[in-house]
Every structure is written in C-alpha cells, then in structure tokens.
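The values are calculated or read from the model by the stated rules, or taken from the named source; none is laboratory data. As the structure is a prediction and not an experimental result, all values here were calculated from the model. With ideal geometry, Cβ positions are generated from the backbone for all residues, glycine too; neighbour counts draw on all protein chains shown.
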C-alpha cells in the first residue's frame, strides 16, 4: 500500500491502525518503500532495521486482532536521530570515531517512552558530527539535502530527521536541540519543532548528557497538534535524571482562556535579519493579530550576541567527547572548524567555563525583563534563509556572507527556555522560513498554544515536491 505520511496527522494514522483500516505492517512497509524511493537523493536515513520494525508491526497487528487495547501511537513508524540510542542499531554520532560502533543494547529514555506508546523504530537519521553545526554532513555518511530544494541544506543538527519528515519517509521522528538543532531544521524544512523547557523530557540515559543542560530532546512532526500530543506522552519525571521536571497538572494543549499578548523582536537587539525572513514573519504577525493576539514590537531583548559564552560551554563538552580519541586518525577526519572548537574547549580554564555559565544567569534575567507584561516572545528562527550546501555551512543575510546565520536560537538554550519554530512561508529559493516562539522557563503550554493557534489561522499547506 502506497501512502503519503504528510497527508494525515499522526493521531489520524494511529486511529486507522487501531481500527484496522490500516495494518501496522502496511504502514511500516510503506515507510520503508518511501525511504527506498527517496533516500538515495536526500540521505536522511543512515541505517535501517527492517526485521525489527516488521516484527514489532506484526506484534501490534496480532494484539489488535485479539481485541487488545493498543497504546496511543501503536504502529507509528519513527526515525531516531543518530545522537541517541535505539536498541539494535549503532549510534555513530556522525563521527568516524564511532564508525564501527556496536548496536545499542538499550533505548534512550525518549525512545523507550515512544516505544511504550507504540511507536516502531525504522532506522537512524543523519546528523553532523556530535550535533555541532547547522549543516548536516559528516565523514561517515556524508551530506543530507533539503527535500524542498536539493541544492539547499535541511539545517542541523537534526537535519536527517527534518529531511525524512519533509520527504514523507516517516510521520514522526526524534530530534535534539543544544543550540537550535530542532528549530533550525524545522524552519528549513517546513515542520513543527519545539525545544521544551530543559527537564521536560528526561535524559535518564546510561551516559551523562553530552551538552550538559544546553540540549533538550523531543519529537518532530509536520503539525503542532501532533507535537503536542506526543509530548504529553513523553514528558514527565524520571528518578534517574535529577534535572527532570515534575509532571504537569494540566496536559499541554490546554488553553489559558484569554487572548495572548506577545512581544515581537526582529533581531533580539543585536542581529541583522534578512528581508525575506522578515517578510514571512510579518505575515504571520498579521495573521495572529487577526485572531485576537496583541502583538507589540520591542527593540531590545539582550545586550549582545551570547555566541562566545555558548561556544565556551559547547567547546568544553565537545572536547570531552573527543578526548578518548585524541590523536587518532578518526579524530583527524573531523571538520577543521570542529577541531578548532574542540581545541578551544581543551584550552578553556575552569574560570572561563564558570564565567560562561554565569552569562546564562544574566541572559535569563534579560529575557524575563523583556517578557514583563507579555506572555511570549516572537522573533525569527534564524537571521537568514537556510543556505545552499555549496556554501559549506556559510549563509547569507541580505546578500552578505556569514557563518552565523543562525544567531537567534542558541540564546534560548542558554536560558533553558521553551522555544519552537512554526513554518510561515517560502523563500525565493523554495525552502521554508520559520517564526520562533519563545516563553519563559516552564511556559511550554503558552508556546504550544500560540503555535497551534498560528497553525490554525495560517496553515502551512505547502509540501516538498519530491
């Protein structure tokens, strides 16, 4: 059975499986067929588990035939970003250091919760090495392309996941975000992507979190209605993770019952934003105003770009990841810029790291101050449209080349805030543009309320033609 996972919601697909209108086996086979059809051009998936996925699908079909009550996502095929474990598949981190890694013997905490909800892992999705950049490319599996325009990047670091979703290979997949790695590819590929408040999705894995408390894991999909439903199944505390947050009293998706008042910043006070990006975001603002949202433009959020403080923390974390492989040929295969960041992390003093962490305190205070009197902050996801892959990671803003075309995402990893990307238009190159929705820490429900509202009043109905 041929099916396009972009044509119906995850909830609708799960309902079809539960009712018997579609079998789990048919759905999983359709996913593998779509991967076979399109992955050669896009390179979103880097490994597959045909036998394991089909076995899991048969088990679900047998349970349904017996009349058993199925879990809410029974039979939904998913991709897992190659920075986290899925039992039976190797986790390479996109690094030559782990090129020959043995298959994982356990699932990550997120994957385990998704499987408990009935999801079926079909394979792993591509990522830049250790998730370090917004271009999805590595020495092990190569370059991932954007299904909207194969000459362009899908963003990163969850670029393989984003490309797989945009091409209809799977209806749901995992991402992680330590500096924009869910939001940037969600914007570049026309998806719903959210980084929850740090601690909402537990990281109760065997290894300590690779990027301390900068990075959050979570589901990615085409619709915020699906992201909301799936988050409600995977958030909540885990005693193995002392940073995990308590369960919510009310489910995500519960409305606050009054109109929202939001602040809009076109550059967070320190950047320059491309005119195409601003035009798309402005259209979304007008749609929100038409729906009763009060939008107020503000000039200032942060005093300066916190890139250096963020890079100090990331560099220290990446140095830790590379330390066991220092001096090996595999480490030498890493991107030269990544090698520079790792070297900088190794040279960082304890005082320097503490000062970078201290910066987070100031940034959080600045965000709270900027949001005083407002429910949420709106701003572009990135300063520029996702770039051509030929630019090798460089982007452009108003025709000027810049490596930091993504400068509006990582501040909210520093503040641990919930932040999401909503697709709001297409660029002249045919690739999508996203609006970023940011809340104070723990205000995930407000972020999702606005994202779901915008999805209703300004639906993004475009689909990649591939």
**Filter pass, residue 276 being surrounded by fewer than 17 Cβ atoms within 10 Å (Cβ to Cβ), within 24 Å of the chain's Cα centre (by Cα) and within 20 Å of residue 433 (Cα to Cα)** = no
**Request:** Would you mind listing the helices (runs of 4 or more DSSP H) fully within the stretch 1-71 where at least 2 residues are within 20 Å of residue 89 (Cβ to Cβ), without any contact (Cβ under 8 Å) to a residue 60 or more places away in the chain and in contact with a helix residue (DSSP H, G or I) (Cβ under 8 Å, 6 or more places away or on another chain)?
**Result:** 24-42, 50-66
**Request:** Please state which one of 356, 362 is in contact (Cβ under 8 Å) with a residue 24 or more places away in the chain and more than 30 Å from residue 432 (Cα to Cα).
**Result:** 356
**Request:** Run down 155, 178, 168 and say which single residue is surrounded by fewer than 24 Cβ atoms within 10 Å (Cβ to Cβ) and in contact with a helix residue (DSSP H, G or I) (Cβ under 7 Å, 6 or more places away or on another chain).
**Result:** 168
**Message:** Residues to consider are 346, 327; find the one that is surrounded by fewer than 17 Cβ atoms within 10 Å (Cβ to Cβ) and touching a helix residue (DSSP H, G or I) at 6+ places or on another chain (Cβ under 6 Å).
**Reply:** 346
**Asked** Hey, among 90, 109, which residue is under 24 Å from the mean Cα position of the chain (by Cα), touching a residue at least 40 places away in the same chain (Cβ under 8 Å) and surrounded by fewer than 20 Cβ atoms within 10 Å (Cβ to Cβ)?
**Response** 90
**Prompt:** Which residues, taken from the stretch 51-62, are closer than 24 Å to residue 84 by Cα and either buried (at least 19 other Cβ atoms within 10 Å of the Cβ) or touching a strand residue (DSSP E or B) at 6+ places or on another chain (Cβ under 8 Å) (or both)?
**Reply:** 52, 53, 56, 57
**Message:** Can you confirm whether residue 254 is buried (at least 19 other Cβ atoms within 10 Å of the Cβ), in contact with a helix residue (DSSP H, G or I) (Cβ under 9 Å, 6 or more places away or on another chain) and either on the phi < 0 side of the Ramachandran plot or touching a residue at least 60 places away in the same chain (Cβ under 8 Å) (or both)?
**Reply:** no
**Prompt:** Looking at the stretch 127-152, which of its residues are more than 21 Å from residue 385 (Cβ to Cβ) and in contact with a helix residue (DSSP H, G or I) (Cβ under 8 Å, 6 or more places away or on another chain)?
**Reply:** 127, 129, 130, 132, 138, 139, 140
**Prompt:** Can you tell me which of 268, 311 is at pLDDT 95 or above, assigned to a loop (DSSP other than H, G, I, E, B) and closer than 17 Å to residue 406 by Cβ?
**Reply:** 268
**Asked** Mind checking which residues of the stretch 288-313 are farther than 24 Å from residue 396 by Cα and surrounded by 16 or more Cβ atoms within 10 Å (Cβ to Cβ)?
**Response** 288, 293, 295, 298, 312, 313
**Request:** Answer yes if at least one residue in the stretch 278-290 is touching a helix residue (DSSP H, G or I) at 6+ places or on another chain (Cβ under 9 Å), outside any helix (DSSP H, G or I) and touching a residue at least 40 places away in the same chain (Cβ under 8 Å), and no otherwise.
**Result:** no
**Fill in**
(1) within 17 Å of the chain's Cα centre (by Cα); (2) under 30 Å from residue 70 (Cβ atoms); (3) at pLDDT 95 or above all hold for residue 117 apart from (1)
**Asked** Out of all the residues in the stretch 392-408, is one or more farther than 15 Å from residue 275 by Cα, touching a strand residue (DSSP E or B) at 6+ places or on another chain (Cβ under 7 Å) and buried (at least 24 other Cβ atoms within 10 Å of the Cβ)?
**Response** yes
